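For reference, the structure discussed in these notes is given below.
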Amino acid sequence: MRPISRRRVLAGTAALGASSLAPVALAQTQPPLRIAMSLSDVPRLWAGPDAGFEGLRFGGYMAFDALTLWDMSARDKASGLVPGLAESWRVDPADNKRWIFTLRQGVKFHDGSDFDADAMIWNLDSIFKTDAPQFHAPRVGMIRSRLASIASYEKIDARTIAIVTNEPNGMFIYETSFLMIASPARWREAGGDWQRFAERPSGTGPYRVVNVVPRERAELEANAAYWDRARVPKTQRTVLVPIADSNARVAALRSGQVDMIETVPPDAIPSLRQAGMRVDTNVYPHVWAWRLNVQPGSPFADLRVRKAANLAIDRDSMVQLLGGSAQAAQGKVVPSSPWFGKPSFQIKYDVAEARKLMTEAGYGPNRRCATKIVIASGGGGQMVPLPMNELLQENLRQIWMDVTYEIVDFGTIIAMMREGSRNPRQQGFHGINIAIPTIEPTVGWVIYDSALVNPRGVNWGYYNSPAVATALRGIRTAFDTAAQNAAMAKLHEVLVDEAAALFVVHDLNPRAYSARVEGYVQAQNWFQDYTTARMR
């Protein structure tokens, strides 16, 4: 297999030094739970973390709450939304764009200040009101693209707010799960500086942040006063350790320097199990894919090329490469999903049909198709991107497509995704390899909305399809579950039939942890609840 062309690898991908894995001195008898993240740094703890969904997993939901939260208590069913800082919500019967939220009473931020409607409005202003003192553009960029529906908001009384969407949107409630709530009092204590706030953050979440050492660790303690008594962490102290290199994470687990690791390399799974470690997998709302640039001048502007690329991938070999820790993709979701529908284009391995389509598009042995793809060296949801992309490179060569790669670190690729492919530094890139969440309708699906390009959203490749627009309207005007499922199935049919992405595999999301870790439940979710984990 020919190696990937590596023009540059940005900082942050090498294994961290031994100092970052040194034992953390904690005044307690119960040992801490030490989790190795597949990131090169601690996510920014300012209620708008960077580093994608892994950043939200550790830098968001552990220390902060949202109006709605994910129920991650079971491993045998898909996660759904439950009340968080909002006890309840309803759509105004007089205006289906107006959502009314009743806020939870008696909730305290970690600094002891009260969560109420004023704090909620302050947080909304920090994102949407550009002249507000608490507005900070770098932080807002991490949040606003996931809240694209919000048009306005208001305080009704001390425990009630209303949020108005820019159009009827039955799926809006999912967006509220990405709005992390920070303490206005702590921000003022930090001198109105979000960077200083992130060093000593205050949310309402199940963990308090007690110490942050950039690029080394974040130390958390259980919030004994957490409003949901069932989710007070069972382990008093938890330490988050960023280790971007997968082999270094495995070594840290083997040596006892950490107790749990994210994103386990497939070839390490058998030996970890033989060493007495637990390796957990579960269905994951995720598809490992290339997001495609479909603008004029890109080969992927041609539907025939997009379909040919999907037919050229040997997904069974990819699953074998991944040690069985994935399943072949036939679209964005698995066929058993209520959102799969009945697409007419069947994604399979068919090189002959792929070559036929490439010939129709004007390519062949004497006119090869040159493509350049941005990929990450690692990161949440990226699985093992370098060997996986090497296999794609080899597969696509069979249909006269010559692929070169621009390799960057995970933080950079997330920033590039938000910039969009029209950004000057991204000229000449035809695809970007970022795993796509399929957890709910407002994430990983609206990336094909032609209205949600930079700065309003993350439609990186400027996908613009009338059929997709029609399907999205159907989703947004559906307010009951059956109608929403039918509308989502229609959208999925369109995306598969238009080969809107290069769909490769669904991750089974292996995590490995020491036998000393008890009580942890791996949910069918990008996010996870570590509050049940305890150290023996």
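What follows draws every value from the coordinates through simple rules; no lab data is involved. Note that the structure is a prediction, hence the values are computed from the model and not measured. Positions of Cβ are generated from backbone atoms using ideal geometry, with glycine treated the same way; all protein chains shown enter the neighbour counts.
Below 8 Å, C-alpha to C-alpha, sequence gap of six or more: please give me the relative contact order for region 430-536 in percent.
Relative contact order, region 430-536: 16 percent.
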**Report entry** Equivalent ellipsoid semi-axes - Cα gyration tensor, region 151-234, angstrom
**Finding:** 29, 18, 14
Query raised in the report: Under the classification rounded if a/c is under 1.5, otherwise prolate if a/b is larger than b/c and oblate if not, where does region 383-536 fall, given a ≥ b ≥ c as square roots of the Cα gyration tensor eigenvalues?
Result: oblate
Query raised in the report: Over the Cα atoms of region 124-196, what Rg and Dmax result, in angstrom?
Result: 13.2, 39
**Report entry** Rounded if a/c under 1.5, otherwise prolate or oblate - region 198-298, Cα gyration tensor axes
**Finding:** oblate
Report summary line: For LEU67, the residues 5 or more places away or on another chain with a placed amide H closer than 5 Å to its own amide H are LEU85, LEU179
Report summary line: If each part is reduced to its alpha-carbon centroid, region 475-520 and region 363-397 end up apart, in Å, by 23 Å
**Report entry** Antiparallel %, DSSP beta bridges [both residues in the chain], to 5
**Finding:** 70 percent
Report summary line: Residues other than GLY331 with Cβ under 14 Å of its Cβ, Lys/Arg counted +1 and Asp/Glu -1, net out at +4
Report summary line: Between ARG273 and LYS155, Cβ-based FRET efficiency (R0 41 Å, step 0.05) works out to 0.15
Report task. Only helical DSSP H runs with n ≥ 4 go in: add -39500 (n - 2.57) per run for the chain, normalise by residue count and round the 222 nm mean residue ellipticity to 500 deg cm²/dmol. Result -> -7000 deg cm²/dmol
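Compute the orientation-averaged projected area for region 48-184 from the convex hull of its Cα atoms and round it to one decimal in nm².
The number I arrive at for region 48-184 is 8.8 nm².
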Query - Distance (nanometres) between label positions extended 7 Å along Cα→Cβ at ALA415 and ARG367 - result: 3.9 nm
Query raised in the report: At 37 °C and 0.692 mPa s, what whole-number value in µm²/s does Stokes-Einstein give for the translational diffusion of region 235-355, with Rh from the Kirkwood sum over Cα pairs?
Result: 186 µm²/s
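Any idea what the alpha-carbon Rg over 2.2 N^0.38 Å comes to for region 84-158?
1.19
Would you mind getting the Kirkwood hydrodynamic radius of the chain from its Cα pairs, rounded to one decimal in Å?
23.8 Å
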Query raised in the report: By the gyration tensor of its Cα atoms, with a ≥ b ≥ c the square roots of the eigenvalues, what is the shape of region 323-445: rounded for a/c under 1.5, prolate for a/b over b/c, or oblate?
Result: oblate
Query raised in the report: So what is the relative contact order of the chain, in percent, for Cα pairs below 8 Å that sit 6 or more residues apart?
Result: 23 percent
Report summary line: So, with points 7 Å from each Cα along the Cβ direction, the ASP402-SER88 label distance in nm works out to 6.6 nm
**Report entry** 5 Å binning of all Cα-Cα separations within region 126-281, expressed as whole percents from 0 upward
**Finding:** 1, 7, 11, 14, 15, 16, 13, 10, 6, 4, 2, 0
Query raised in the report: Which of the lysines could a cross-linker bridge to LYS490, judged by Cα under 16 Å and excluding same-chain residues fewer than eight apart?
Result: LYS332, LYS342
